[in-house]
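Reviewing the structure listed below.
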Amino acid sequence: MATFSIRDREYACPVELTLSTVGGKWAALILWHLRGGTRRYSELRRALPGVSHKMLAQRLRELEADELIDRAVYPVVPPKTEYTLTAEGERLLPALTAMQQWGMAYKDEVPAS
């Protein structure tokens, strides 16, 4: 397969593109938690124990830049920010659902340590 470029970056295959976009620990989890609808920043922070403020903000910015989520900021005090999956983000849900189903089956098959 020939290489291709997206946003000034070369990719050898579509799987590499997918992993560079939603790979890592937090991006896929953020998308997974947005599958049920719009969430505020604080809701995402509570849903993702262990994520730092800096990491969550960074991943949200990256997902927004990749057009997988939309961010709405409301001019109120305190600031209110909401995140929603875009149509492109929703296209990833079947892959995330398959990952969830595989993980559920795998955890039941692997002996506990």
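Overview of values
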| quantity | calculated |
| --- | --- |
| Single condition Gly36 does not satisfy, out of (1) part of a helix (DSSP H, G or I); (2) under 23 Å from Gln100 (Cα atoms) | (1) |
| Complete set of residues in the range 1-41 that are surrounded by 11 or more Cβ atoms within 10 Å (Cβ to Cβ) and under 22 Å from Pro78 (Cβ atoms) | Ile30, His33, Leu34, Thr38, Arg39, Arg40, Tyr41 |
| Test result for Leu48, in contact (Cβ under 8 Å) with a residue 24 or more places away in the chain and either out of contact with any helix residue (DSSP H, G or I) (no Cβ under 6 Å at 6 or more places or on another chain) or on the phi < 0 side of the Ramachandran plot (or both) | no |
| Check on Val51, in a loop (DSSP other than H, G, I, E, B) and surrounded by 13 or more Cβ atoms within 10 Å (Cβ to Cβ) | yes |
| Filter pass, Glu67 being surrounded by fewer than 16 Cβ atoms within 10 Å (Cβ to Cβ) and farther than 21 Å from Gly23 by Cα | no |
| Test result for Arg61, surrounded by fewer than 14 Cβ atoms within 10 Å (Cβ to Cβ) and assigned to a strand (DSSP E or B) | no |
| Qualifying residue in the range 98-110 (condition: part of a loop (DSSP other than H, G, I, E, B), without any contact (Cβ under 8 Å) to a residue 60 or more places away in the chain and not β-branched (Val, Ile, Thr)) | no |
| The range 1-29 - residue that is in a helix (DSSP H, G or I) and of a type in the set (S, T, N, Q) and, of those, nearest to Leu48 (Cα to Cα) | Thr21 |
| One residue from Thr38, Thr18 being within 13 Å of Leu68 (Cβ to Cβ) and among the hydroxyl-bearing types (Ser, Thr, Tyr) | Thr18 |
| Check on Arg46, in a loop (DSSP other than H, G, I, E, B) and of a type in the set (Lys, Arg) | no |
| Considering residues of the range 82-94 that are in contact (Cβ under 8 Å) with a residue 24 or more places away in the chain and within 21 Å of Lys25 (Cβ to Cβ) only, the residue surrounded by the fewest Cβ atoms within 10 Å (Cβ to Cβ) | Leu93 |
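Every number in this text was worked out from the coordinates using simple rules, so none of it is lab data. Predicted model, so just to flag it, every value in this text is computed and none were measured. Quick reminder, even Gly has a Cβ in these numbers, built from the backbone with ideal geometry, and neighbours come from all protein chains shown.
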